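Colleague: Before I ask anything, here is the structure I am working with.
The values are calculated or read from the model by the stated rules, or taken from the named source; none is laboratory data. None of the values given here were measured: they were computed from a predicted structure. A quick note on method: Cβ atoms are made from the backbone with ideal geometry, for glycine too, and the neighbour counts reach across all protein chains shown. Please note that ligands, DNA and RNA were not included when accessible areas were found on the heavy atoms of the full protein model with its side chains. Shrake-Rupley method; radii C 1.70, N 1.55, O 1.52, S 1.80 Å.
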Amino acid sequence: GSVRSYEGAVTAQQVAKDIGKRLEQAAVAAKVNGSVVDLTQPIEADSTIAIITRDSAEGLEVIRHSTAHLLAMAVKALYPGTQITIGPVIEDGFFYDIDCPTPLTNDDLPKIEKKMEEFAAQKLEVTRKEFPRPEAVEIFKKMGENYKVELIQSFPPNEHVSAYEQGKFLDLCRGPHVPNTERLGKFKLLSVAGAYWRGDEKNKMLQRIYGTAWATKEELQAYLTRIEEAK
C-alpha cells in the first residue's frame, strides 16, 4: 500500500533495495500489475508492484525453475554433446529432459550436483535476452540445440523469443528467473528416468533428471526426510 516515486524507469530490484536491505536480499522476482516478472525488468510507467520473496510459494517456483536451468548447465558442461529439451517446475521440485550421449544412472547424480554447486557459487548474473524468431532459430542451430529449434519453430512467426543467459550458458525460456545464481536455494537431485520427447512414443527416448529445491537447507532436509519415511 505504500507509494514511491521515481523520475524515470526503475526496476523492482531497485524498489526492493529502497524499501530495505532484508527485502532486497530475500527478493527473487516481482509481480508488476499482476504479472510475475524478473526483478531486473524495467518499469517505465505507474504500476502496482509486489516483491516476491524466496519464502513464498511464487518465489519457490522461481527458485525451482532457475535450478532446472542450473541442472541443464551442469549436464552440458559434464557431458559434451548433450542437447537439452524442457525443464519445468513440478510439485515439490522440477525435472529436465535431456538427450545425452552418455547413459546416466542415479550414481551420476552426485557428480552433477557438485557441478551445479560450483556454478551457483560463481554468483553468475542471470540475464534475459529477446530475439526475433528467425534470429533465435539461428542462434540455437549454431549451438546444436535441435530440440530448442523445433520448439522455437512452433511459435507464432512474429513473436519475439526470450532466453536466459548465465555465464556461457543460454537457455530458451519465458522466465522469470532469479537475478543471480547466489539467490538459488538448496537443491538435491533425486532420480533418473526415461521420457519420450514431447510425450510421444514415436519420438526419441530421452533421459529425465528429477530434482527438488527449497529456500533453505532446513526445508530441503525436512522434505528428504518425509520422502524417505514414505518409502
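Colleague: What percentage of the solvent-accessible surface of the chain, computed with a 1.4 Å probe over protein heavy atoms, is contributed by carbon and sulfur atoms?
Modeller: 48 percent
Colleague: Springs between alpha-carbon atoms under 10 Å, Gaussian network over the chain: tell me which of Ile98, Ile90, Ile51 tops the mean-square fluctuations.
Modeller: Comparing Ile98, Ile90, Ile51 in a Gaussian network model of the chain, the most mobile one is Ile90.
Colleague: Say R0 is 25 Å: what FRET efficiency, to the nearest 0.05, do Glu130 and Ala9 get from their beta-carbon distance? Before the final figure, lay out the partial values.
Modeller: Numbers: r = 17 Å, r/R0 = 0.66.
The computed FRET efficiency comes out at 0.90.
Colleague: Using bins 10 angstrom wide from zero, how does P(r) for the chain break down, in % of all Cα pairs?
Modeller: 7, 30, 34, 21, 6, 1
Colleague: Based on DSSP loop calls and a cut-off of at most 15 other Cβ atoms within 10 Å, the longest stretch of the chain free of exposed GluC sites (Glu not before Pro) is what?
Modeller: Details: sites that count: Glu7, Glu44, Glu91, Glu159, Glu201.
With GluC sites (Glu not before Pro) excluded where exposed in loops, the chain gives 92-158 as its longest stretch.
Colleague: Still on this structure, please answer the following. By the gyration tensor of its Cα atoms, with a ≥ b ≥ c the square roots of the eigenvalues, what is the shape of the stretch 95-161: rounded for a/c under 1.5, prolate for a/b over b/c, or oblate? Mind showing how you got there, number by number?
Modeller: Working: a/c = 3.14, a/b = 1.65, b/c = 1.90.
Note, shape of the stretch 95-161 comes out oblate.
Colleague: Assigning unit charges at the beta carbon (Lys, Arg +1; Asp, Glu -1) and nothing else, what dipole magnitude in debye, to the nearest 20, does the chain show about its Cα centre?
Modeller: Values: 30 positive and 34 negative charges, 68 e Å.
Dipole size: approximately 320 debye.
Colleague: While we're on this one: Bin all alpha-carbon pair distances of the stretch 143-231 at 10 Å intervals from 0 and give each bin's fraction as a whole percent.
Modeller: It works out to 12, 29, 36, 20, 3, 0, in whole percents.
Colleague: Compute and list, largest first, the equivalent-ellipsoid semi-axes of the stretch 60-171 from the alpha carbon gyration tensor, each √(5λ) rounded to a whole angstrom. Intermediate values should be presented prior to the final figure.
Modeller: On the way: eigenvalues 114, 52, 38 Å².
Semi-axis lengths for the stretch 60-171 are 24, 16, 14 Å.
Colleague: Let me ask something additional. Out of the trypsin sites (Lys or Arg not before Pro) in the stretch 119-198, which ones are loop residues according to DSSP with at most 15 other C-beta atoms within 10 Å? Kindly include the intermediate steps, with their values, before the conclusion.
Modeller: Numbers: sites: Lys123, Arg128, Lys129, Lys141, Lys142, Lys148, Lys168, Arg174, Arg183, Lys186, Lys188, Arg198; in loops: Lys123, Lys168, Arg174.
Here the sparse-neighbourhood loop sites are Lys123, Lys168, Arg174.
Colleague: Relative to the first principal axis of the alpha-carbon coordinates of the chain, what is the inclination of helix 57-78, with its axis defined by its Cα atoms, in degrees from 0 to 90 and to the nearest 10?
Modeller: The answer is roughly 40 degrees.
Colleague: Describe numerically, in nm with one decimal, the distance between label points set 7 Å from Cα along Cα→Cβ at Ala45 and at Glu165.
Modeller: 2.9 nm
Colleague: I've got another one for you. May I ask for the distance between the Cα centers of the stretch 112-142 and the stretch 27-49, given as a whole number of Å?
Modeller: If you average the Cα positions of each part, the centres end up 22 Å apart.
Colleague: Follow-up. Enter the accessible area per residue of the chain (Å², integer; probe 1.4 Å; all protein chains in place).
Modeller: Working: 12500 Å² over 231 residues.
Accessible area per residue, the chain: 54 Å².
Colleague: Once the mean 1/r over all distinct Cα pairs of the stretch 1-99 is inverted, what Kirkwood radius in angstroms do you read off? Write down the numbers at each step before the final one.
Modeller: Working: mean 1/r = 0.0660 Å⁻¹.
Evaluated over the stretch 1-99, this radius sits at 15.1 Å.
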